[in-house]
Every structure is written in structure tokens, then in C-alpha cells.
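Before any comments, here is the structure.
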2 protein chains.
Amino acid sequence: MNIILLNPEDIDLNQGAFISDERRINHIRTIHKAQIGDKMKLGLLNGAMGEGLITDIQSNKISFQLNLTQAAPQSLPLTLILALPRPKMLRRILQTVATLGVKNIYLINSYRVEKSYWQTPFLQEEAIRAQLTLGLEQGGDTHLPEVHLIKRFKPFVEDQLPAIANGSKALVAHPYTNEICPRSTSGAVTLAVGPEGGFIDYEIDMLAKAGFAAVHLGDRIMRVETAIPYLLARIF
Amino acid sequence: MNIILLNPEDIDLNQGAFISDERRINHIRTIHKAQIGDKMKLGLLNGAMGEGLITDIQSNKISFQLNLTQAAPQSLPLTLILALPRPKMLRRILQTVATLGVKNIYLINSYRVEKSYWQTPFLQEEAIRAQLTLGLEQGGDTHLPEVHLIKRFKPFVEDQLPAIANGSKALVAHPYTNEICPRSTSGAVTLAVGPEGGFIDYEIDMLAKAGFAAVHLGDRIMRVETAIPYLLARIF
């Protein structure tokens, strides 16, 4: 946790705040080993960040005096279109993309996405938010990404995706193509990443019709959770 | 598994091979759903790669006719010096670095590495090899990385590291420095990556004396398993 994220209800009227949940309290007490008088990096969820001076530590409550004067780090100008990963990987990927500053995520169906993946409790709103929060706390950011669940590939790619990608460089990561992924682009990017095993040809064709150029990352085929940070480091 | 890796003992004298272990057989039968007459991507561990024509499928044995005429993909000109991660993350990271083409890995101690991490069974030679093999099978490579275990930081950094890094660009990833990580470098790189929480100042100083420049990756602090693919995509 490189920043402690405060919810609006944690804040009081006099530039103070307190937290009373076990997760954050344990972290501050056992990992940071913080004491009264210490300053910690704090941020208001979807708001400013800065410092919190610890004014009191109880077993079930830690109080701060706030000085939140900094803006959150810049977001990536990226919309990520991601074939729904298997549940365990989904959790890590949500954390990773939140850490890396992605703010728009569409989790979509695809031929090689197992139907059962859509039943996972990790797709419930609270579960998604919990993973995104972990990612923000790691990265030191306050702005929660938006996650959209898209259970039908074809109507999404035909009817919604062209408008979503409009004005951006639209790329789909695909091992079997001749074009290498661009480096250090400027401007907005819409990036589609397939499931383990990749998008099928029909899907790549549909994405091409929606304006997406297929790009590869070299000879090596990466797992999705490796490919995502690799792609973002390369593209931005 | 984007390549089936054969051990020397899997090969017979007439350009044939057979595998008889459950892991590879199950994968070929249930994921690839391969049939007699199908061709699969095969490679000889630490050797050439190419195609295998399936000549027989039994429940406990699959036989191939081999045509191994391709070289493995190019390795990264990288030596990775990595503070020993916690065991669960270690396994994933070994897979990831093998997938990405890293061939020299030093797992080192550091102030923020918990002593108990050195006791994990995942550091046994066979366990390391199993994870590296998974990574090679994912990436489509045949050459096993070498992994060195370094339980004492100071003598390693003082006495061995300067020779290891000699002639390469030596970098240590560190969030708290002014220099941003270079992009698209040419030539060999020695890259040091700290534990969760980072190297301590004393360690950064020692690495600096050994010729390592501290470089950051921007405002966001990444977990080690995110930082590694991100760093490699950026540096190479």
C-alpha cells in the first residue's frame, strides 16, 4: 500500500479523517509500523492526494489531520478492451491495470473465453472495486477505473466499439501478424487484448472492420498478465 | 503450452520421440485435442525447435516423427539481479522471465527480503526448473535460463557483481530517483530489481558503487511482477 485511500465517509469537517476497517488499520500498524506524529501518503478516492498526520492510533480506529494538495498522477490515455480472463488471473489483472493508470476497461466475451468465467463472484461490483482499490493503493493513485462487462462480442464490436475507439489509435495484440507493436506513441490508444489462446480469425477480422490494426510483440507468446504491462510500457 | 519441450531421453535414434508423462500427454490430448497425423510445435530442451508429426497416441504415450530445423528465438542480452520475491510470486516471476527470454538470473538477498523466503521448497532445483519450463513452453523457447541463488548481499555486490555487469549498461529500478529508465537501448544490460518495498538506501549506494545507475518508471509504484515485463519492454 503506497497510498492509503480514504472514502468520502472517512473524512470529517475539520480537515480530519479516520479509518476504522481492519484491512487498512492492520496495514498501517503492522507494515508501516506507524506511530502518532508520523506522516503518511493519503488520498481521497477519486480526489486529491497528499499527506496525513497521524493524530491518534487505537486498535479499531486511526485518526489523521489531512493536507491533500496534490493531484493524482496522470492517467494513461488508453481504453483497454480485454477478453475476460479466468477468474484468478482477472483479479491480478484488475490490480495491475489500476496500478498502471488505465481508467477505461471493457471486459468482453470472445470465442475462447469459457462461459463459466462470467459466473465468477469476482465480477461482482464490490469484488471488482476491491481489486481496483488494491491496484490504486499499490500505484499511488486515487481515481478508480471504470469497468464495463460486455457479454456479447459481435454487437459490441459492430455497434459500440467504433464510437469508443473513434479518434484513437486502435490496436489489437495478436501474435500472428506481420506488424510489430508501435513504440512511444502519442495521443489516445484503444488496445484490444485477447484471451489465452488469442482471438480467433473471425474476431480479428471483425476488429479490423472496426478499425483495429493487429500488432505483435515479437517471437514470444506471453500470458495475458505479462502482455499487458509489456504492451503499456511499449506503447506509451 | 505453445511448444512441447522434449528432454534428451524422449528422443530415439530415428528422428522419432515419445513422451510418457501425464502433464504433457494431458495437455496434448485435452487442450490441443491432437490426433494422429497432426503436426505440433516441438523443441528439444536447450536445442533446436520445429515440428513433430504425431504418429501414435496412447493413454500413456504419444509418439512423434521430428523435424527440428529452427533455432530458438533470440535471448535478451540481459542479466537480471532480482531480490528474492515471496514464494508465490517467485513462481510466477520465474515463468514470466523465462517466457520473456531472460537467460541469466541472480536471486539475491536484500534487507527487505524475509528470511523465511529462502526456506521455500520452490527454490529447490527441480521446482525452479519446473517453473522455467512452464515459461519456455508459454513463450515458445527451448533454452533454460540459469538461476543463481545468492544469500548474502554485500559480498555479492562488492566482489562478484562488478565482473558480472562488466561491459553492460547497469541499471537498478528504484522509484526514488530523478533519472527515468532508458528506452530501446542497444547492447547488454544488467538490471537489478528490488523486493516489494524496494532496496534500502544503503543497498542503492552499494549498487551505485558497483556501477549501477538508479532509474525510475514514472509516478506509479509497481509490484515486482508488473515491473519486470514493463522494464523489459521499455529497455529493449
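Need pairs with beta-carbon distance below 7 Å; first residue open to solvent by less than 100 Å² (accessible area, probe 1.4 Å) and within segment A:107-120, second in a loop (DSSP other than H, G, I, E, B) and among the aliphatic types (A, V, I, L, M); sequence gap 6+ or separate chains.
Within 7 Å, the pairs are A:Leu107/A:Leu84; A:Ile108/A:Leu84; A:Asn109/A:Leu84; A:Val113/A:Leu84; A:Tyr117/A:Leu84; A:Trp118/A:Leu84.
Does any residue of segment A:207-214 turn out to be open to solvent by 30 Å² or more (accessible area, probe 1.4 Å), at the interface with another protein chain (Cβ under 9 Å from one of its Cβ atoms), on the phi < 0 side of the Ramachandran plot and touching a residue at least 12 places away in the same chain (Cβ under 8 Å)?
Within segment A:207-214, none of the residues are open to solvent by 30 Å² or more (accessible area, probe 1.4 Å), at the interface with another protein chain (Cβ under 9 Å from one of its Cβ atoms), on the phi < 0 side of the Ramachandran plot and touching a residue at least 12 places away in the same chain (Cβ under 8 Å).
Please determine whether any residue of segment B:147-160 is of a type in the set (S, T, N, Q) and without any contact (Cβ under 8 Å) to a residue 12 or more places away in the chain.
yes
Out of (1) surrounded by fewer than 14 Cβ atoms within 10 Å (Cβ to Cβ); (2) within 14 Å of chain A (Cβ to nearest Cβ); (3) touching a residue at least 40 places away in the same chain (Cβ under 8 Å), what's the single condition that is false for B:Gly139?
The failed condition is (1).
Pick from A:Asn2, A:Asn46: which is open to solvent by 40 Å² or more (accessible area, probe 1.4 Å), in contact with an Asp or Glu (Cβ under 7 Å, 6 or more places away or on another chain), assigned to a loop (DSSP other than H, G, I, E, B) and over 30 Å from A:Phe153 (Cα atoms)?
A:Asn2
Which one of these does A:Thr99 not meet: (1) free of Cβ contacts under 8 Å to residues at least 60 places away in the same chain; (2) surrounded by 14 or more Cβ atoms within 10 Å (Cβ to Cβ); (3) within 14 Å of chain B (Cβ to nearest Cβ); (4) over 16 Å from the mean Cα position of the chain (by Cα)?
With respect to (1) free of Cβ contacts under 8 Å to residues at least 60 places away in the same chain; (2) surrounded by 14 or more Cβ atoms within 10 Å (Cβ to Cβ); (3) within 14 Å of chain B (Cβ to nearest Cβ); (4) over 16 Å from the mean Cα position of the chain (by Cα), A:Thr99 is out only on (4).
Can you name the condition, by its number, that B:Ala17 falls short on among (1) assigned to a strand (DSSP E or B); (2) open to solvent by less than 20 Å² (accessible area, probe 1.4 Å); (3) closer than 28 Å to A:Val113 by Cα?
Condition (3) is where B:Ala17 drops out.
Which of the residues spanning segment A:102-125 are within 14 Å of another protein chain (Cβ to nearest Cβ) and within 24 Å of A:Met1 (Cβ to Cβ)?
A:Val102, A:Lys103
Taking the condition of being among the acidic types (Asp, Glu) and outside any loop (DSSP other than H, G, I, E, B), how many residues in segment B:127-141 meet it?
The number of residues fulfilling the criteria is 1.
Working only within segment B:95-116, note down all residues that are touching a helix residue (DSSP H, G or I) at 6+ places or on another chain (Cβ under 6 Å), over 19 Å from B:Arg24 (Cβ atoms) and assigned to a helix (DSSP H, G or I).
B:Thr96, B:Leu100
Among the residues of segment A:185-194, is there at least one that is out of contact with any Cys (no Cβ under 7 Å at 6 or more places or on another chain), within 12 Å of chain B (Cβ to nearest Cβ) and under 28 Å from B:Thr133 (Cβ atoms)?
Scanning segment A:185-194 turns up no residue that is out of contact with any Cys (no Cβ under 7 Å at 6 or more places or on another chain), within 12 Å of chain B (Cβ to nearest Cβ) and under 28 Å from B:Thr133 (Cβ atoms).
Look through B:Leu144, B:Leu82 and report the one residue that is closer than 30 Å to A:Ile31 by Cα, outside any helix (DSSP H, G or I) and of a type outside the set (D, E, K, R).
Sole residue among the options that is closer than 30 Å to A:Ile31 by Cα, outside any helix (DSSP H, G or I) and of a type outside the set (D, E, K, R): B:Leu82.
Looking at segment B:165-190, which of the residues that are under 24 Å from B:Glu114 (Cβ atoms) and out of contact with any Lys or Arg (no Cβ under 9 Å at 6 or more places or on another chain) is surrounded by the fewest Cβ atoms within 10 Å (Cβ to Cβ)?
Within segment B:165-190, the match that is surrounded by the fewest Cβ atoms within 10 Å (Cβ to Cβ) is B:Tyr176.
Which residues, taken from segment B:49-62, are open to solvent by 20 Å² or more (accessible area, probe 1.4 Å) and either at pLDDT 95 or above or assigned to a strand (DSSP E or B) (or both)?
B:Glu51, B:Leu53, B:Thr55, B:Asp56, B:Ile57, B:Gln58, B:Lys61 - these are the residues of segment B:49-62 that are open to solvent by 20 Å² or more (accessible area, probe 1.4 Å) and either at pLDDT 95 or above or assigned to a strand (DSSP E or B) (or both).
Can you tell me which of B:Leu90, B:Leu132, B:Leu82 is buried (at least 22 other Cβ atoms within 10 Å of the Cβ) and in contact with a Pro (Cβ under 6 Å, 6 or more places away or on another chain)?
B:Leu132
Would you mind telling me which numbered condition in (1) within 14 Å of B:Thr99 (Cα to Cα); (2) surrounded by 15 or more Cβ atoms within 10 Å (Cβ to Cβ) B:Glu146 fails?
For B:Glu146, the failing item is (2).
Select, from A:Leu90, A:Leu66, A:Leu45, the only residue that is more than 17 Å from the chain's Cα centre (by Cα) and of a type in the set (A, V, I, L, M).
After ruling out the rest, the residue left standing is A:Leu66.
Considering only segment B:28-41, I want to know if a residue exists there that is touching a Leu at 6+ places or on another chain (Cβ under 8 Å) and charged (D, E, K, R).
Yes, some residue in segment B:28-41 is touching a Leu at 6+ places or on another chain (Cβ under 8 Å) and charged (D, E, K, R).
Name the residue, out of A:Ile204, A:Ile228, A:Ile164, that is assigned to a helix (DSSP H, G or I), in contact with a strand residue (DSSP E or B) (Cβ under 7 Å, 6 or more places away or on another chain) and either free of Cβ contacts under 8 Å to residues at least 24 places away in the same chain or within 14 Å of chain B (Cβ to nearest Cβ) (or both).
Unique residue meeting the criteria: A:Ile228.
Would you mind stating whether A:Ile128 is hydrophobic (A, V, I, L, M, F, W, C), modelled with pLDDT of 95 or more and closer than 25 Å to A:Ser184 by Cα?
no
The values are calculated or read from the model by the stated rules, or taken from the named source; none is laboratory data. All values reported here derive from a predicted model rather than from experimental measurement. Cβ atoms come from the backbone with ideal geometry, glycine included; neighbour counts cover every protein chain shown. For the accessible areas, the whole protein counts, side chains as well, though only heavy atoms, and no ligand, DNA or RNA atoms are used. Shrake-Rupley method; radii C 1.70, N 1.55, O 1.52, S 1.80 Å.
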